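Participant: Encoded as structure tokens, here's the structure I'll be asking about.
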Amino acid sequence: MEYRLTARRNDGIPVAMNQPSSTLAYGSIVLAAVLWGGSIVAQKMALGSFSAVEASVFRDIGGLAILLATWWSKEGGAIRISRADMGLLGLLGLGVLGNHLLILMGLNYVSGAVGGVIIGSSPVVTSLLSAMLIRDVPLRAVWAGALLSFAGVGLVSVSGFQAAGEHPLLGSALVFLGVVSWALYSIGSRALMERMSALTVNWTSLMVATVLQIPLLWTDQKMMVAGVASVTVSDWLALGYLVVFATAVAQQAWLFGVKGIGPSRASVLGNLTPVAAIGLSALILRESVGLVEMIGIALILAGVWVVNRQTAQKNN
């Protein structure tokens, strides 16, 4: 059984699933990585006035509105969704939910710099899971890099940071689970993008995540209790950044890039995210970045380099 959205482009021509050029795909991945680095700071700021669930729900509602408007104006919506694809979109929605909500929850307990370091493991996590699940690269090509990156994550999670709460290990674990959620989303989305556009995959999976989160608002309230007047201007701006840049723009750019070069290659450029996150956390949030954080990010980036080198050799 198939479900059809029948709108088309303004000129009546069905939308083609064209493969993006490698240059444009790599550029899109770089853009997404840098914007997500800034999103770590924005999430940390937003938590000053919003609960984790409130920030995640408002972020996703705003991002969904932008993506739907863009989808309607650019594509008009000529797609077919099979029952199997609807199930996969549901699973992708869980990946978006996990990524957005778990990272926000984790940032309640760790600094933005530490969150950025842990998120730096995303390329290796994606490559490792991709090798295990879809076998686009050999597992033996990624295990050594994975060990290096996970050593870096473990180092900053245990001993090297300024905790922002009473449960820093819990915070680190939540952020890392958010990374795993995004890795699974990146892997699963590529199969769907062979049949529909990245924009369609983006808004449909984000809609699933939004719907699933709304009931959680009754379990985690901050602004809804204190009132809208309690939200500072800087926190509104941070939430706006999350809506426009971290959700609508960055997520669309990432999916566009993954469609062109695949999840393993795309994930390599994700090392720009922790670098941006650490720098912006120190500059904007005035968070200290010590020797252990530097060693941790060095181990993670070394792991990314090893994975990139090994997979490149296997592909030659």
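Please treat every number below as a calculation from the coordinates, not as lab data. A quick note: this is a predicted structure, and the numbers were derived from the prediction, not measured. Here the Cβ is made from the backbone with ideal geometry for all residues, glycine too, and neighbour counts use every protein chain on show.
Participant: Just to check I understand the Karplus step: with θ = phi - 60° and J = 6.51 cos²θ - 1.76 cosθ + 1.60, what whole-Hz values come out for the stretch 113-128, glycine and proline as x?
Facilitator: 3J(HN,Hα) across the stretch 113-128, in whole Hz: 4, 5, x, x, 4, 5, 5, x, 7, 3, x, 6, 4, 5, 5, 5.
Participant: How large is ³J(HN,Hα) for each residue in the stretch 225-240, as worked out from phi by the Karplus curve 6.51 cos²θ - 1.76 cosθ + 1.60 (θ = phi - 60°), to whole Hz, x for Gly and Pro?
Facilitator: 8, 6, x, 4, 5, 6, 7, 6, 4, 5, 6, 5, 5, 4, 5, x
Participant: Spelling out what I want: for every residue of the stretch 272-277, take phi, set θ = phi - 60°, compute 6.51 cos²θ - 1.76 cosθ + 1.60 (Karplus), and round to whole Hz; glycine and proline get x.
Facilitator: Values, residue by residue: 6, 5, x, 4, 5, 5 Hz.
Participant: Please list 186-195, 232-241, 56-65 highest first by mean number of surrounding beta-carbon atoms within 10 Å per residue. Let's see the in-between values first.
Facilitator: Working: 186-195: 19.2, 232-241: 16.5, 56-65: 22.6.
So the order, starting with the most tightly packed, is 56-65, 186-195, 232-241.
Participant: Give the long-range amide H neighbours of V110: residues separated by 5 or more places, or on another chain, with amide H under 5 Å away, using H modelled in the peptide plane at 1.01 Å from N.
Facilitator: It is A164, by chain and number.
Participant: What is the set of long-range amide H partners of I134 at a cut-off below 5 Å, with H atoms built 1.01 Å from backbone N?
Facilitator: none
Participant: If Lys and Arg each add +1 and Asp and Glu each add -1, what is the summed charge of the other residues whose beta carbon sits under 13 Å from the beta carbon of G279?
Facilitator: -1
Participant: Rounded, prolate or oblate: which fits the stretch 39-84 when a ≥ b ≥ c are the square roots of the eigenvalues of the alpha-carbon gyration tensor, with rounded for a/c under 1.5 and prolate only if a/b beats b/c? Can you show the working numbers first?
Facilitator: On the way: a/c = 3.68, a/b = 2.33, b/c = 1.58.
Taking the square roots of the gyration eigenvalues as a ≥ b ≥ c, the stretch 39-84 is prolate.
Participant: Assign one of three labels to the stretch 175-256, namely rounded, prolate or oblate, based on the Cα gyration tensor with a ≥ b ≥ c the square roots of its eigenvalues; rounded applies when a/c is under 1.5, prolate when it is not and a/b is larger than b/c, and oblate otherwise. Before the final figure, lay out the partial values.
Facilitator: Details: a/c = 2.37, a/b = 1.87, b/c = 1.27.
It is prolate, given that a/c is not under 1.5 and a/b is the larger ratio.
Participant: Is the shape of the stretch 88-232 best called rounded, prolate or oblate, per the rule: a/c under 1.5 gives rounded, else a/b larger than b/c gives prolate, else oblate, with a ≥ b ≥ c the square roots of the Cα gyration tensor eigenvalues? Kindly include the intermediate steps, with their values, before the conclusion.
Facilitator: Details: a/c = 2.97, a/b = 1.14, b/c = 2.60.
Because a/c hits 1.5 or more and a/b fails to exceed b/c, the stretch 88-232 counts as oblate.
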